[in-house]
Each structure stands twice: as structure tokens, then as C-alpha cells.
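Visitor: This structure is in C-alpha cells; I'll ask about it shortly.
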């Protein structure tokens, strides 16, 4: 149970990692990082005040994410990166190794809201079929499982160019 909550936290925080690039009328374009997302973030649903996420630049299109758990059963840290894509102006993060997919609902300088996709089919589809499947389910409430919220604790002095 604790491990599932941890995976949910990790997945949700991947939402913090990427921001859509402009072009092609916002349809299925590559992701480009957002300077405002570099920092230290806390998931509001996580009641352990010692847990947080560090989001740093990995390259122009990818962030490096480290989950810090200072006092729980999973004491230590976990490190992740994840692909990002845009479908009909909606932002998604896919965590292939953990079989999670997240839709970024709101991304502001100090606040993030994300929805977790609840459809195992998405992990068996090709990239083009996945984007078609997501586009057809964007407005389907049963397509999503949980909504999670993040607040920024600190901004890191990392310049992203």
C-alpha cells in the first residue's frame, strides 16, 4: 500500500517535469521544459512533511527528478526521467517503467494539478495509436483515476536556456 502511494506520488510529480512546445497548432508536438518548473516541490496529498521532489534540468526537453523520503518506510531517494508529449494541446507524461500515464491539468509557477490515467490499454499501444486513444478520451471522466496537487517549496537557481 505504501509502495503504491509512493508510485502514485512519483508519477504525479513527473507532471512537473515538462511543458509543451509551441508549433503545429498545438497538436502532438515535442515537449520543451519550462524554467518555472525547476525547483523543490511538495505533493499536498503526502502528509509526511519530510518528503519532497527535486526537479532539475537534464537537457532541453527533459528534467531530472529525485524523490526525497527522509522519514518514511522507503527512506532514501529515487531518481527518474520520463517522456512527455502533447495531444490536442493537452500535456501528458508517460512513466513506462512504472506503467503510469499522467495528464497535466494546471502548471503554474508555484502550483501543479495533475490527473492520473486509469486505462492499462495505453501501455500496449504504439505512439501514434496512443495519441489517438488519448485524444478520443480527453473528456471522459472515467478515463482518469486520481487528481494530485503540488506546491513549490523553493526555486532552484538553475538557468535553462
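Visitor: Name the strands (runs of 3 or more DSSP E) wholly inside the stretch 75-132 in which the number of residues that are more than 26 Å from residue 155 (Cα to Cα) and at pLDDT 90 or above is 1 or more.
Guide: In the stretch 75-132, 111-117 are the strands (runs of 3 or more DSSP E) which contain 1 or more residues that are more than 26 Å from residue 155 (Cα to Cα) and at pLDDT 90 or above.
Visitor: Something else: Here are the criteria: (1) part of a strand (DSSP E or B); (2) modelled with pLDDT of 80 or more. Tell me which single one residue 46 does not satisfy.
Guide: Only one criterion in (1) part of a strand (DSSP E or B); (2) modelled with pLDDT of 80 or more is unmet by residue 46, namely (1).
Visitor: Related question: Given 11, 7, 65, which one is closer than 18 Å to residue 101 by Cα, modelled with pLDDT under 75, surrounded by fewer than 19 Cβ atoms within 10 Å (Cβ to Cβ) and in contact with a helix residue (DSSP H, G or I) (Cβ under 9 Å, 6 or more places away or on another chain)?
Guide: Criteria check complete, one pass: 7.
Visitor: Is the stretch 137-151 home to any residue that is assigned to a strand (DSSP E or B) and farther than 18 Å from residue 91 by Cβ?
Guide: yes
Visitor: Looking only at the stretch 111-147, count how many residues are in contact with a strand residue (DSSP E or B) (Cβ under 6 Å, 6 or more places away or on another chain) and more than 25 Å from residue 44 (Cβ to Cβ).
Guide: 4
Visitor: Something else about it: If the requirement is being more than 25 Å from residue 55 (Cα to Cα), surrounded by 14 or more Cβ atoms within 10 Å (Cβ to Cβ) and modelled with pLDDT of 90 or more, which of these qualifies: 150, 143?
Guide: 143
Visitor: Here is a further query. Pairs, please: C-beta under 6 Å, at least 6 apart or cross-chain, first residue over 13 Å from residue 85 (Cβ atoms) and in the stretch 120-134, second surrounded by 11 or more Cβ atoms within 10 Å (Cβ to Cβ)?
Guide: Once the first residue is over 13 Å from residue 85 (Cβ atoms) and sits in the stretch 120-134, its partners that are surrounded by 11 or more Cβ atoms within 10 Å (Cβ to Cβ) give 123/99.
Visitor: So residue 137 ticks every box in (1) at pLDDT below 90; (2) touching a helix residue (DSSP H, G or I) at 6+ places or on another chain (Cβ under 9 Å) but one. Which box is left unticked?
Guide: (1)
Visitor: So, one more: Which residue is farthest from residue 78 (Cα to Cα), if the candidates are limited to the stretch 14-33 and must be crowded, with 18+ Cβ neighbours inside 10 Å and at pLDDT 50 or above?
Guide: 31
The values are calculated or read from the model by the stated rules, or taken from the named source; none is laboratory data. Model, not experiment: these values are computed from the prediction. Glycine also receives a Cβ, built like all others from the backbone with ideal geometry; neighbour counts cover every protein chain displayed.
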